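The values are calculated or read from the model by the stated rules, or taken from the named source; none is laboratory data. Values in this document were obtained by computation on a predicted structure and should not be read as measured data. In this analysis, Cβ positions are derived from the backbone assuming ideal geometry, glycine residues included, and neighbour counts consider all displayed protein chains.
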Amino acid sequence: MFSIGMPELILVFVVALLVFGPKKLPEIGRMLGKAMREFKKASDDFKEALNQEPPEEIVKEVEAALKANKEKEGEIYK
């Protein structure tokens with residue numbers, strides 16, 4: 001994607017220090033850390049949900065619907 005080197009990181013820190021001040025900077029850092037942690041947790045949960053197998057009931061319903069649809073198509077083309 002892109003990389004941030006040490007000079008760019010220092011520049012970002014100095015600008016943040018000037019904009020927010022030294023008293024607010026630790027609070028903003030904590031808030032940013034919490035937000036990143038929550039985002040990572042949510043994305044991990046989403047990935048886990050995608051990788052899970054669907055319940056067997058749903059698989060059977062889908063197979064039955066596909067079979068019924070296939071039979072219906074067969075009747076149409078006869």
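Quick grid of which residues meet (1) touching a Ser or Thr at 6+ places or on another chain (Cβ under 6 Å); (2) aliphatic (A, V, I, L, M); (3) assigned to a helix (DSSP H, G or I):
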residue	(1), (2), (3)
ILE4	no, yes, no
GLU27	no, no, yes
ALA35	no, yes, yes
LYS41	no, no, yes
VAL59	no, yes, yes
LYS70	no, no, yes
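Taking the condition of a type in the set (Val, Ile, Thr), at pLDDT below 90, surrounded by 10 or more Cβ atoms within 10 Å (Cβ to Cβ) and at negative phi, does VAL59 pass? In short, yes. Within segment 46-56, the set of residues being surrounded by fewer than 10 Cβ atoms within 10 Å (Cβ to Cβ) and not charged (D, E, K, R) comprises ALA49, LEU50, ASN51, GLN52, PRO54, PRO55.
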